[in-house]
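Participant: My questions will all concern the structure given below.
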Protein chains: 4
Amino acid sequence: MRLSTGFVRASGYAHKVRRVLFALTRGKVDPKEVVRAAGELNQHIFEKLGELGVEKSDVIRITVPFTIEDGKIEWDYENLKIEVYKKSEEEKLAMAMEEIEEREKALEEQIKELEELALQLKETSEKILEKLEELKQEHTSLKLRAEG
Amino acid sequence: MRLSTGFVRASGYAHKVRRVLFALTRGKVDPKEVVRAAGELNQHIFEKLGELGVEKSDVIRITVPFTIEDGKIEWDYENLKIEVYKKSEEEKLAMAMEEIEEREKALEEQIKELEELALQLKETSEKILEKLEELKQEHTSLKLRAEG
Amino acid sequence: MRLSTGFVRASGYAHKVRRVLFALTRGKVDPKEVVRAAGELNQHIFEKLGELGVEKSDVIRITVPFTIEDGKIEWDYENLKIEVYKKSEEEKLAMAMEEIEEREKALEEQIKELEELALQLKETSEKILEKLEELKQEHTSLKLRAEG
Amino acid sequence: MRLSTGFVRASGYAHKVRRVLFALTRGKVDPKEVVRAAGELNQHIFEKLGELGVEKSDVIRITVPFTIEDGKIEWDYENLKIEVYKKSEEEKLAMAMEEIEEREKALEEQIKELEELALQLKETSEKILEKLEELKQEHTSLKLRAEG
């Protein structure tokens, strides 16, 4: 398999790597391993970007082959490629990528709010089941959890 | 402490013992222990009812002291009392208790339906959180469960 | 059709009439009409109980035929029957009915708590849908409610 | 106020206009009016793009001032600006914008699935409240909706 970040502002490459890796491996790899593997690759890329003198506002594009063995992601660092588009040369591209970053932050904000509501929902659901169990215990002969 | 079933049809004493015990010990004793202790007492009462020649449609009233030690319910069988009201002598009482049993069955039916809905609710809540996690993984930089 | 309250403490006849009427007419009559018809009948019974010198702790049993016409409940007052069991004569019955009343209050308390949770649930569900609509409006091309 | 689409593929300008307008006017304008106003502006832009010979894969950037009066959005068409970046000249930009479109489709798919779950949730919540009302009607003296 091959991970390709597409165009991304250098400032946001690490998140992009992780997201793409999650999308590529959904259902195939444990999320903890995705987080670990993305972290490992990102560290490697970080060093390369330093060597290449890439700046935050430059746009880059990274591709790297990988394999999944026994649920573990192994990067083929030999074949890692990093394309760099300097802001000074690809001004419009750099501006567009900056806009994308802004928009993603707005999306994150909303998803975060949604998540808080979903956690409230879970809590309420659990309280309802708890209260129903109490009702069953004290007012019915229905099978209880404790009878499992 | 003292468990008192109140008036109850002999046919339903076991459930009544358990319900009353749950209500009396709520928050103090593990539900599994309540189930166990009720079962133990009910077995004891069952034998006594046999000895007393009690019939299903007779009405009885049971009281028994108990203690809770280290989360365990201990029955004071020495002081167990069973009053028996023969249907032939307390006809109206027996009829009233039969009605109560009917009504409780209707209540149980409705609570059961409510529980099924609450289980659906729990499942949907979990799916929503799951789907949100996926959204976070693939489209945001928000903290993931796998980063716990 | 015929409404029969079964044995009930005189103090609680009105609620019992309403509950039984709800159970008998579920899905056939509008809840508002059930409330109205129960109120009308209860007023009528109230006067009769006064005439009969019934006391709160006596036990009574009421039966009354009725018809449903065009969604309206009509009581056949001619054939209303009220049986009265004086506490002094049916002591055990009166005591049993008092116990039932107590237990119903405990049940009510728990159902009330459950209802509060269910209302919270509804509110959270609505907020989730609202937030999702916002997400759709600002981050997708999905069909919106406003496009109905 | 001023709507600015940022860089966007010509193929997707209409959705972008609407999203940005929703984000800008959240809480200030009725969603139906947002949909209407976006539709009106998009029609206008559509004609301009035709005149300018813009192709789907070109990248454009639109800005237009507007006012909100009595809850209605009025476009200042006189000051509408459309910048066009031909794919042939800004190749990397065009490719990046195409990627963004792809990613947005994936996001939409997931939000759609989330919405289906949220609608299920709503339905289950309503069924729970319905069932509880039934329980209250037939087993309690609690205040009913029909008594509202």
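Participant: Report the residue count in segment B:97-115 for those that are at the interface with chain C (Cβ under 8 Å from one of its Cβ atoms) and among the β-branched types (V, I, T).
Facilitator: Residues in segment B:97-115 being at the interface with chain C (Cβ under 8 Å from one of its Cβ atoms) and among the β-branched types (V, I, T): 1 in total.
Participant: Condition first: among the basic types (K, R), farther than 20 Å from D:M97 by Cα and more than 14 Å from chain B (Cβ to nearest Cβ). Can you find one or more residues in segment A:64-82 that meet it? Explain how you work it out, then say what you get.
Facilitator: So the first thing to find is which residues in segment A:64-82 are among the basic types (K, R), and the list is A:72, A:81.
Next, only the ones that are farther than 20 Å from D:M97 by Cα stay: A:72, A:81.
Narrowing the set further to residues that are more than 14 Å from chain B (Cβ to nearest Cβ) leaves A:72, A:81.
For segment A:64-82, residues among the basic types (K, R), farther than 20 Å from D:M97 by Cα and more than 14 Å from chain B (Cβ to nearest Cβ): present.
Participant: Another question, then. Checking the condition within 14 Å of chain C (Cβ to nearest Cβ), at negative phi and exposed (fewer than 13 other Cβ atoms within 10 Å of the Cβ), which residue from D:K28, D:K56 passes? Please lay out each step first, then the result.
Facilitator: Numbers: D:K56 fails: within 14 Å of chain C (Cβ to nearest Cβ).
Being within 14 Å of chain C (Cβ to nearest Cβ), at negative phi and exposed (fewer than 13 other Cβ atoms within 10 Å of the Cβ) holds for just one of D:K28, D:K56, which is D:K28.
Participant: Run B:Y85 past the list (1) on the phi > 0 side of the Ramachandran plot; (2) in contact with a Leu (Cβ under 8 Å, 6 or more places away or on another chain) and report the number of the one that doesn't hold.
Facilitator: Evaluating B:Y85 over (1) on the phi > 0 side of the Ramachandran plot; (2) in contact with a Leu (Cβ under 8 Å, 6 or more places away or on another chain) leaves (1) as the failure.
Participant: Among the residues of segment D:76-86, count how many are closer than 17 Å to D:R9 by Cβ and either surrounded by 14 or more Cβ atoms within 10 Å (Cβ to Cβ) or in contact (Cβ under 8 Å) with a residue 24 or more places away in the chain (or both).
Facilitator: Just the residues of segment D:76-86 that are closer than 17 Å to D:R9 by Cβ, to begin with: D:82-86.
Pick out the ones that are also either surrounded by 14 or more Cβ atoms within 10 Å (Cβ to Cβ) or in contact (Cβ under 8 Å) with a residue 24 or more places away in the chain (or both) and you get D:82, D:84-86.
The qualifying residues number 4.
Participant: Filter segment A:116-148 down to residues that are part of a loop (DSSP other than H, G, I, E, B) and more than 7 Å from chain B (Cβ to nearest Cβ) and give me whichever is nearest to C:E116 (Cα to Cα). Quick ask: steps written out before the conclusion?
Facilitator: Here is the first cut: in segment A:116-148, the ones part of a loop (DSSP other than H, G, I, E, B) are A:140-144, A:148.
Then drop every residue that is not more than 7 Å from chain B (Cβ to nearest Cβ), which leaves A:143, A:148.
On the way: A:K143: 25, A:G148: 28 Å.
Among those residues, the one meeting the criterion is A:K143.
Participant: Is one or more of the residues making up segment B:27-45 hydrophobic (A, V, I, L, M, F, W, C) and under 25 Å from B:E91 (Cβ atoms)? Let's see the steps before the verdict.
Facilitator: In the first step, residues of segment B:27-45 are kept if they are hydrophobic (A, V, I, L, M, F, W, C); the result is B:29, B:34-35, B:37-38, B:41, B:45.
Narrowing the set further to residues that are under 25 Å from B:E91 (Cβ atoms) leaves B:45.
Among the residues of segment B:27-45, at least one is hydrophobic (A, V, I, L, M, F, W, C) and under 25 Å from B:E91 (Cβ atoms), which makes the answer yes.
Participant: Specify which of the listed residues (C:K72, C:K112) is charged (D, E, K, R), modelled with pLDDT of 95 or more, assigned by TED's automatic domain parsing to the domain that holds C:G6 and out of contact with any His (no Cβ under 8 Å at 6 or more places or on another chain).
Facilitator: On the way: C:K112 fails: assigned by TED's automatic domain parsing to the domain that holds C:G6.
Answer to the selection: C:K72.
Participant: On to the next question. Just checking, does segment D:87-96 include any residue being among the aliphatic types (A, V, I, L, M), in contact (Cβ under 8 Å) with a residue 24 or more places away in the chain, more than 7 Å from every other protein chain (Cβ to nearest Cβ) and surrounded by 17 or more Cβ atoms within 10 Å (Cβ to Cβ)? Before you say what the answer is, go through the steps one by one.
Facilitator: Taking segment D:87-96 as the starting set, the residues that turn out to be among the aliphatic types (A, V, I, L, M) are D:93-96.
Filter once more, so that each one left must be in contact (Cβ under 8 Å) with a residue 24 or more places away in the chain: D:93-94.
When the remaining residues are screened for being more than 7 Å from every other protein chain (Cβ to nearest Cβ), the result is D:94.
If we keep only those that are surrounded by 17 or more Cβ atoms within 10 Å (Cβ to Cβ) too, we end up with D:94.
Checked against the condition, which is being among the aliphatic types (A, V, I, L, M), in contact (Cβ under 8 Å) with a residue 24 or more places away in the chain, more than 7 Å from every other protein chain (Cβ to nearest Cβ) and surrounded by 17 or more Cβ atoms within 10 Å (Cβ to Cβ), segment D:87-96 yields at least one hit.
Every residue, every condition in (1) hydrophobic (A, V, I, L, M, F, W, C); (2) closer than 19 Å to A:S4 by Cα; (3) touching a residue at least 60 places away in the same chain (Cβ under 8 Å), yes or no:
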{"residue": "A:G39", "(1), (2), (3)": "no, yes, no"}
{"residue": "A:H44", "(1), (2), (3)": "no, yes, no"}
{"residue": "A:G71", "(1), (2), (3)": "no, no, no"}
{"residue": "A:E74", "(1), (2), (3)": "no, yes, no"}
{"residue": "A:E101", "(1), (2), (3)": "no, yes, yes"}
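Participant: So which residues in segment D:110-120 are surrounded by 16 or more Cβ atoms within 10 Å (Cβ to Cβ) and either in contact with a Leu (Cβ under 7 Å, 6 or more places away or on another chain) or of a type outside the set (A, V, I, L, M, F, W, C) (or both), if there are any at all?
Facilitator: Keep residues of segment D:110-120 that are surrounded by 16 or more Cβ atoms within 10 Å (Cβ to Cβ), which gives D:110-111, D:114-115, D:117-118, D:120.
Within segment D:110-120, D:Q110, D:I111, D:L114, D:E115, D:A118, D:Q120 meet the criteria.
Each row is one residue, and each column tells you yes or no for (1) within 18 Å of the chain's Cα centre (by Cα); (2) basic (K, R).
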residue: A:R2; (1), (2): yes, yes
residue: A:A37; (1), (2): yes, no
residue: A:E51; (1), (2): no, no
residue: A:E55; (1), (2): no, no
residue: A:K72; (1), (2): yes, yes
residue: A:Y85; (1), (2): no, no
residue: A:A94; (1), (2): no, no
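The values are calculated or read from the model by the stated rules, or taken from the named source; none is laboratory data. Treat the numbers as computed from the prediction; the structure is a model and nothing was measured. All Cβ positions, even for glycine, are placed from backbone atoms using ideal geometry, and neighbour counts span all protein chains on display.
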